[in-house]
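Heads up, the thing below is written out as structure tokens.
Since every read-out is calculated from the coordinates, none of them should be taken as a lab result. The model shown is predicted, which means the values in this text are computed figures rather than measured ones. No Cβ is skipped: glycine too gets one built from the backbone with ideal geometry, and neighbour counts run over all protein chains shown.
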Amino acid sequence: MATGRLTCAACGAELKPLRRHCPACGAERQLGDASAAAAPPAGEEPRARERVMPGGMRLPVAPPSPAFPPPEAVYLSPEDEGRRFPLFTRYQLILIGLGIGLLIFLLVVAFLVWRQEQRDRMRAESGRAAAAPPAPVPATPPPGPEPSPSPTPLDDAALAAAVKAALTVYNPLGVARYLVEVKDGLVTLRGDAENQAERDGAENVIKPVAGVRGVINLLIVKTKDAAGLVKLNEAEARRLEEALRRRLQESEQESDEARRAREEAEARRASERRARELEAAQQREEEDELRQAAEDRLRREAAEYERRQEESRRAEADRRARAEQARLEVSALRAGTIAWSGIVSGIDEIILTGASASVRHLEGEPPRQTKATFSAPMPRAPMTVRLLSANGRGTTRIVQEPSAANGYTTIIRIDDSDKGGDKRYDFALRWEAQ
């Protein structure tokens with residue numbers, strides 16, 4: 001198919017359909033260039049074109065109208081010159097708006113979730129802080145300077161030296177008025193004190209010293225009367241000394257009671273442990289006795305089982321021997337008789353095999369007072385049978401001869417069905433080996 005070409009009117013260079021300026025001379029393409037380029041030169045007739053069809057046939061194709069550009073050319077209109085971005089349709093703009101709205105919605109949801117998590121974390125931290133016990137407030141130290149640390153005394157003399165050092169730090173000017181006595185960790189403080197605060201401060205300084213079990217504060221506070229004379233409160237000091245000694249004795253008694261209680265608890269635990277051990281030993285002995293009894297019972301049962309097995313084997317051997325003897329005796333016999341009697345009311349069959357006779361009831365009342373007598377067991381071998389005699393108001397006949405197919409079994413049928421009532425029947429059968 002022929003295609004149209006665009007050429008520049010100034011220099012004759014070929015133009016691209018989408019370019020508005022000539023690449024060779026830079027002249028701007030004017031409207032109508034496409035029609036001029038598509039039209040044939042002046043004085044020439046439009047050349048007819050042909051299309052080759054399959055099979056070699058050629059069909060003429062009319063040339064394009066000079067009023068329209070070729071279909072392969074694409075041109076820009078003057079209105080499109082200022083466009084530099086792609087245009088969007090109304091549906092594309094709607095989709096873009098929906099996407100932006102969805103993105104904003106997701107951001108808002110994420111922000112709300114984050115803020116809720118922050119609130120939950122703060123609420124949990126405040127709950128833990130409220131549930132936690134308050135921190136203990138350190139106790140205020142007693143008035144006066146803190147005593148200097150002293151090494152752990154090894155005996156009463158070292159403890160007395162440590163107490164004096166603590167009192168020297170507490171009251172360097174008045175330490176000469178103090179008399180310290182130590183016995184088994186109990187510190188007795190004697191002397192004078194200017195006031196009650198000094199007396200209490202001296203006691204509070206001695207208590208933290210390592211190794212001090214108790215303090216008996218016998219410091220006497222000086223008091224003045226109206227004349228200005230100093231009086232000593234000895235009665236109060238004696239009462240205090242007695243109270244402290246009673247407290248120390250009570251603490252010693254409590255420690256003795258605690259020691260005795262601990263010893264009693266240990267003795268009780270020891271006795272309980274011995275009782276448990278004795279009980280466990282008795283239980284083991286009982287278990288041993290039970291196990292021994294079970295083993296003895298198993299041995300006796302095994303011996304009894306072996307004895308029973310031996311007796312059963314002997315009985316089976318005797319039975320086989322008797323059966324073999326009977327078989328030999330029967331084989332020695334060549335003939336024998338069978339007598340049967342009973343009260344019949346209906347139809348019954350007497351089944352004879354070996355040395356046994358059984359009754360198969362077919363109709364009417366079951367037979368009564370049946371009795372069978374064998375002169376010799378019927379052999380399991382070919383034989384002939386015949387009735388010697390038959391007594392009764394009905395019929396008595398042989399319905400099955402002995403053979404290998406039926407196990408050498410003979411059947412006698414007694415029919416008393418049409419007579420009414422019951423009647424005694426008896427018959428004699430003789431068998432002979434072939």
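Net length available on complete extension from Arg300 to Trp114 is 58.5 nm, with 0.36 nm assigned per residue and the Cα-Cα distance removed.
Using the Karplus relation 6.51 cos²θ - 1.76 cosθ + 1.60 with θ = phi - 60°, the per-residue 3J(HN,Hα) values for the range 169-181 come to 5, 6, 9, x, 7, x, 5, 5, 7, 9, 10, 10, 10 Hz, with x marking Gly and Pro.
Between Lys423 and Thr384, what is the FRET efficiency for a Förster distance of 41 Å, r being their Cβ-Cβ separation, to the nearest 0.05? The calculated FRET efficiency here is 0.90. If one puts a single equal scatterer on every Cα of the range 250-332 and applies the Debye formula without solvent, what log₁₀ I(q)/I(0) results at q = 0.14, 0.18, 0.22 Å⁻¹? Treating every Cα as an identical point scatterer, log10 I(q)/I(0) equals -0.77, -0.89, -1.00. For Ala193, the residues whose amide H sits under 5 Å from its own are Ile220, Val221, Lys222, ignoring neighbours fewer than 5 places away on the same chain, with H placed 1.01 Å from N. Backbone amide hydrogens, once placed in the peptide plane, bring Leu6 within less than 5 Å of Leu15, excluding anything fewer than 5 places away on its chain. Taking amide H as placed 1.01 Å from N in the peptide plane, the amide H of Asp416 sits under 5 Å from that of Gly346, Ile347, Asp348, each at least 5 places away or on another chain. Over the range 333-433, the alpha carbon radius of gyration divided by the compact-protein estimate 2.2 N^0.38 Å works out to 1.03. Taking label positions 7 Å along the Cα-Cβ direction at both Glu279 and Arg190, the computed distance is 6.1 nm, reported to one decimal. For Arg368 and Ala293, the FRET efficiency from 1/(1 + (r/R0)^6), where r spans their Cβ atoms and R0 equals 35 Å, is about 0.05.
The simple spin-label model puts a point 7 Å past each Cα toward its Cβ; for Ile100 and Arg19 those points are separated by 3.9 nm.
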